[in-house]
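Just below is one structure, and these are the notes that go with it.
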Amino acid sequence: MNIKGFIILLVIITNMYAYQLEDKLKVAIVGKIAKFVQWNKPATKNFSITVLNTKNQFFKTLLEGKRVNSKPIKVIYINNINNLKDSDILYISQNSSQNLQSIFKAIKNKNILTISDIRGFAQRGGMIQLYTKNQKLKLRINVSNVKAQNLKIKSSLLRISTLVKENK
Amino acid sequence: MKKFNYTFLTLASLLFSHFLYAEGSLSKDSLEDLLNEKIELKSQVGSRDTAKNYLDSSSAVDVITASQIESSGQTQLTDVLKYFIAGFNATTSSITDAKDHIVSFTLRGMSSDQILVLVNGKRVHTSAIFIENTGVLSSGTTHVDLNTIPVISIEKIEILRDGAAAQYGSDAISGVISITLKGQNSTNEITTHAGVRKEGDGSHYQLNSFVSIPLNYDGFFNISLSGDKQYQTQRAGVDRRVDPADLHTHVGLPESQTLAVVLNSEVVLENNIVLYMDTILNRRDTQSSAFYRILSTTRVQYADGFLPMMESQILDYSGTLGIKGSFIHNWQWSLSNTYGYNSFDYNSKDTMNYHLDPNSPTSFHLGKLIFIQNSTNFDLKKKLDNFTIAGGIEYRYENYQIKAGDPASYYEDTELDIKSGSQGYMGYTPEQKVDASRDNYALYLDTSYKNSKNLNAQVALRYEDYSDFGSTQDVKLSLGYKILPKLLLRTTLSTGFRAPSLAQSNYSHTSSALTKNDLTEEDELLQKGIFTVDNPVSQSLGAKALKPELSKHLTLGSVYQFTNKSSFMIDAFYIQVDDKIIISDKLAPITQEQIDIFAAYGVSTASYLTNAVNTQTFGIDIKLNNNYTFKGGATLNSILWYNYSKNEIINFNELLSEGRAVVIEKGQPGHSVKFLNEYTRGKFNYIVNLNGYSKFYQTLGDTAYKFGAILTVDLNINYKINKAFDISLGANNIFDAMPDKWDRSNEYLGYDGIIPYPSNSPVGPNGAYYYLNAKWKF
């Protein structure tokens, strides 16, 4: 192979694999988590994911229209928890870290799965926390909080997550 | 047709490659696959904004992760940086007084004290050691002792290859090394290291442990312990002053033993307030030697000759205590205090003071150097839509002390007009004792704008007022613009400064050396000294008060991200430094007034610190980073990095000898290249690295001697026994490349002398090093 050919091959090879942007990967993971959770609420037309206090457009571009439990995903962005309508998943961004307790109060008994990357989220009343370890995203789940909202998580998800047993 | 195919493939690849990893790919992966995906490396240094992909930074930034450090097999921080960073140089030297006891380092060919070091975002204090030997790298400086930070405690190292005084204040001229200690979610581990040089000497052992205790709300309390024992290497030539010629003096790595403890903790309170602290405690004892003193019939003690042994006890500790949180409208705040202490306790043994013969003590306390730095910071930050506004105030206090040695180490008989020091190193005298302090206030503002699509702009301003030389104002403008989704153009323009260190303003020391009198052809014990600028000796030579070094910086670069896993960086830089501080030449008195003053101080030559030269440094970094995953999961990570750095003296403010000018301009390799390759397949991990350095010069008097280019190869094979255990076998410089010997010789220094190798070689004279590492994760 001549030098030119080698360079072109290098360009092609280097275009084949990629690290993922953290924001994008988080959204993809949120989309996958839905498949491991059972909600206990009346059937709705869409599977709705509400995104609180962030403009992360990957929710829209990556998840909107994809299907969970045969229902198309609908993504709703809100800046205030009071604007929340019924939702299957509430993704709480780090911008809301100061308001967690009021958020939890607002969604109490609404059978909504809460996911966030806020530090200590799973211990502060949240259900599924995304955190990084060794440049990879990991899941931390507070099973008590999940059960308290009448949700069920499959054991296969629990097996690949770390669990917070006590809600402190 | 073939040409068309190549062109078509290239264009198609370039244009559509970012779609290959678009949404579809992630959607098809399983959750487990997604949790195994690596996310982009983020950096924080050079900005008060939140951490972002280091490849998107408007300044040139490099990141070294804990995992890379582990794979490298390196056990000292200076070795880690030298291993990964082209243009980073670190040297050890022998028979260079206090310099024997610290590893000096440079970035992009500039001075050691022109690099700012941060730990967890806070300024690190420098060592108390003032390097007074003019023949070595970092002469005339005090710099950070990087090896006080054990590598097992490090989560990430960020290297900013840009001036950043407008953000961090003094010293950030050639760059910033920002170290993040291991924080939450770190794995407990115990590691061991054992190695030996090809020559069979220089054995090195290290035992480290890291334990992380999780606290509520993802808080943590981490403890790192490190014990290190380094035995000496011997690379001296035979001593031809004795008959028969034999090996008497020690040249090579000194013997040392180190114990280090690092604590790092964050306690997260119910209300999201975070209390944070870190502490680094390091104690290092080092033994080196001076030149062998040959037999003397006029001496009773050690009449057959003796080798003065130089011993140091270095105590270094630093600690930060802080609190951070956020209040109304998401304003983030942080209040912290960082205290740093370094002391250098200098002793000698197996030596004597000639004038006290036959009753001279044989061991001496030579004195103690102490540097203390305390910084208090209050920072505020607010993120608006596309803007981040950050600012703060800093108060810093510094103190430098020299404590005198034993009276016998600097014996003085005023009646007989005799001054004589202990052989090897003369103790600090009561006249040289100093306890000098200063403080400074700083006010800084850092704003950044990030258009979500392609524009990233930053303006940083800093005002600083020092109690000893007044105020400075610095500014930094940064701009990054993505002209294509994968192609970033970046540029920065900034001013900077480096305040004269307290040691540079207050250090003085005299030493005695047997020197042959040209007229009588007999040996005379002559005194030479380095004096503070306000000392009458310096004043008689025209010394002026030290001013800060002032700098101007321009960088222009580009990053092309083939993917987030493969990138090409090219960054050109230009740095102009005015009033660079160096030690003057050793000057003899000429006028009668000077002769009288020199006589009063008992010295025959003198030097002092001076803002002697204006310099310009320019160069380029070109870095290709490619991580490739083969079918079946094997990975190949490669970094090809070329650095070119050129120093030039624009003009002299004061007389400077030809030899000193050569050291500044050509004392370090202008070209360096790194080709790092790590291949992982199954349980095995293989590393093959090539390191190349171009020629450099060292001088004796005004004569410059060239030392040729050198290439070294490092190898490492790692085997994961199971999830918890792994072992690795490695070699640094496996083909035992050695620097050229001096192309001249006398009894002391040269190819046939006691010191055959140059002290400033980036490779050093110690040769191949073979090691075995073992690690247990739990």
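The values are calculated or read from the model by the stated rules, or taken from the named source; none is laboratory data. Source: prediction; values computed, not measured. Backbone-built Cβ (ideal geometry, glycine too); neighbour counts: all protein chains shown.
Return the residue satisfying two criteria in turn: it lies in segment A:119-129 and is facing chain B (nearest Cβ under 7 Å) and not small (Gly, Ala, Ser), and of such residues it is nearest to B:Asp218 (Cα to Cα).
Residue satisfying both the conditions and the ranking: A:Arg119.
Report, by residue number, each residue of segment A:130-152 that is within 12 Å of chain B (Cβ to nearest Cβ) and either over 23 Å from B:Ser212 (Cβ atoms) or without any contact (Cβ under 8 Å) to a residue 24 or more places away in the chain (or both).
Within segment A:130-152, A:Tyr131, A:Lys133, A:Asn134, A:Gln135, A:Lys136 qualify.
Does B:Gly764 fit the bill of being out of contact with any Cys (no Cβ under 6 Å at 6 or more places or on another chain), closer than 30 Å to B:Ile190 by Cβ and of a type outside the set (A, V, I, L, M, F, W, C)?
Yes.
Is there a residue in segment B:279-295 that is touching a Lys or Arg at 6+ places or on another chain (Cβ under 7 Å) and within 14 Å of chain A (Cβ to nearest Cβ)?
At the first step, the residues of segment B:279-295 found to be touching a Lys or Arg at 6+ places or on another chain (Cβ under 7 Å) are B:294.
Subsequent filtering for residues that are within 14 Å of chain A (Cβ to nearest Cβ) retains none.
No, every residue in segment B:279-295 fails to be touching a Lys or Arg at 6+ places or on another chain (Cβ under 7 Å) and within 14 Å of chain A (Cβ to nearest Cβ).
What number of residues within segment B:258-304 satisfy the criterion of being exposed (fewer than 14 other Cβ atoms within 10 Å of the Cβ) and acidic (Asp, Glu)?
Residues meeting the conditions: 2.
So A:Ile118 ticks every box in (1) out of contact with any Lys or Arg (no Cβ under 6 Å at 6 or more places or on another chain); (2) without any contact (Cβ under 8 Å) to a residue 24 or more places away in the chain; (3) under 21 Å from A:Asp23 (Cα atoms); (4) surrounded by 14 or more Cβ atoms within 10 Å (Cβ to Cβ) but one. Which box is left unticked?
(2)
Tell me, please, whether a residue that is over 30 Å from B:Ser540 (Cβ atoms), of a type in the set (A, V, I, L, M, F, W, C) and touching a Gly at 6+ places or on another chain (Cβ under 8 Å) can be found in segment B:604-626. First the steps, then the outcome.
From segment B:604-626, those over 30 Å from B:Ser540 (Cβ atoms) are B:616-626; that's our starting set.
Filter once more, so that each one left must be of a type in the set (A, V, I, L, M, F, W, C): B:618, B:620, B:622, B:624.
Applying the additional criterion that residues be touching a Gly at 6+ places or on another chain (Cβ under 8 Å) yields none.
Looking for residues that are over 30 Å from B:Ser540 (Cβ atoms), of a type in the set (A, V, I, L, M, F, W, C) and touching a Gly at 6+ places or on another chain (Cβ under 8 Å), one finds none in segment B:604-626, hence no.
Could you check how many residues of segment A:64-93 are closer than 20 Å to A:Ile153 by Cα and hydroxyl-bearing (Ser, Thr, Tyr)?
3
Considering segment B:31-48 alone, what residues qualify as being facing another protein chain (nearest Cβ under 7 Å) and either touching a Cys at 6+ places or on another chain (Cβ under 6 Å) or of a type in the set (S, T, N, Q) (or both)?
B:Asn36
Among the numbered criteria (1) among the aromatic types (Phe, Trp, Tyr); (2) under 28 Å from B:Thr141 (Cα atoms); (3) out of contact with any helix residue (DSSP H, G or I) (no Cβ under 6 Å at 6 or more places or on another chain), which single criterion is violated by B:Phe630?
Of (1) among the aromatic types (Phe, Trp, Tyr); (2) under 28 Å from B:Thr141 (Cα atoms); (3) out of contact with any helix residue (DSSP H, G or I) (no Cβ under 6 Å at 6 or more places or on another chain), only one is false for B:Phe630: (2).
Could you look through segment B:95-125, keep only residues that are in contact (Cβ under 8 Å) with a residue 40 or more places away in the chain and touching a helix residue (DSSP H, G or I) at 6+ places or on another chain (Cβ under 6 Å), and pick out the one that is surrounded by the fewest Cβ atoms within 10 Å (Cβ to Cβ)?
B:Val103
Picking from B:Ser174, B:Ser203, B:Ser212, B:Ser186, which residue would you name as being under 23 Å from the mean Cα position of the chain (by Cα) and either buried (at least 17 other Cβ atoms within 10 Å of the Cβ) or modelled with pLDDT of 95 or more (or both)?
Numbers: B:Ser203 fails: under 23 Å from the mean Cα position of the chain (by Cα); B:Ser212 fails: under 23 Å from the mean Cα position of the chain (by Cα); B:Ser186 fails: under 23 Å from the mean Cα position of the chain (by Cα).
Only one candidate passes the filter, namely B:Ser174.
I'd like to check something: does segment B:138-147 contain any residue that is in a loop (DSSP other than H, G, I, E, B), at pLDDT 95 or above and either surrounded by fewer than 22 Cβ atoms within 10 Å (Cβ to Cβ) or of a type in the set (A, V, I, L, M, F, W, C) (or both)?
Checked against the condition, which is being in a loop (DSSP other than H, G, I, E, B), at pLDDT 95 or above and either surrounded by fewer than 22 Cβ atoms within 10 Å (Cβ to Cβ) or of a type in the set (A, V, I, L, M, F, W, C) (or both), segment B:138-147 yields at least one hit.
State all residues of segment B:395-423 that are assigned to a loop (DSSP other than H, G, I, E, B) and in contact with a Phe, Trp or Tyr (Cβ under 8 Å, 6 or more places away or on another chain); if no residue qualifies, say none.
B:Gly405, B:Asp406, B:Ser420, B:Gly421, B:Ser422, B:Gln423
Of these, A:Lys85, A:Lys55, which one is within 11 Å of chain B (Cβ to nearest Cβ), at pLDDT below 90 and surrounded by fewer than 15 Cβ atoms within 10 Å (Cβ to Cβ)?
After ruling out the rest, the residue left standing is A:Lys55.
What do you reckon, is B:Asn133 within 26 Å of B:Ile664 (Cα to Cα) and surrounded by fewer than 24 Cβ atoms within 10 Å (Cβ to Cβ)?
Spelling it out, B:Asn133 is indeed within 26 Å of B:Ile664 (Cα to Cα) and surrounded by fewer than 24 Cβ atoms within 10 Å (Cβ to Cβ).
Do we find that B:Thr192 is in contact (Cβ under 8 Å) with a residue 60 or more places away in the chain and buried (at least 17 other Cβ atoms within 10 Å of the Cβ) in this structure?
Judged against the criteria, B:Thr192 is not a match.
Is it the case, given these coordinates, that B:Gln74 is within 14 Å of chain A (Cβ to nearest Cβ), polar (S, T, N, Q) and either on the phi > 0 side of the Ramachandran plot or touching a Phe, Trp or Tyr at 6+ places or on another chain (Cβ under 9 Å) (or both)?
Here the answer is no, as B:Gln74 does not meet what is asked.
Between B:Leu295, B:Leu335, which is in contact (Cβ under 8 Å) with a residue 12 or more places away in the chain and assigned to a strand (DSSP E or B)?
Step by step, each of B:Leu295, B:Leu335 is checked, and only B:Leu335 is in contact (Cβ under 8 Å) with a residue 12 or more places away in the chain and assigned to a strand (DSSP E or B).
Which of the residues spanning segment B:407-465 are farther than 25 Å from B:Ala290 by Cα and either free of Cβ contacts under 8 Å to residues at least 12 places away in the same chain or among the polar types (S, T, N, Q) (or both)?
B:Thr414, B:Glu415, B:Leu416, B:Ser437, B:Asn440, B:Thr447, B:Ser448, B:Asn451, B:Ser452, B:Asn454, B:Asn456, B:Gln458
Within segment B:44-71, track down each residue that is buried (at least 24 other Cβ atoms within 10 Å of the Cβ) and under 19 Å from the mean Cα position of the chain (by Cα).
B:Val45, B:Gly46, B:Ala60, B:Val61, B:Asp62
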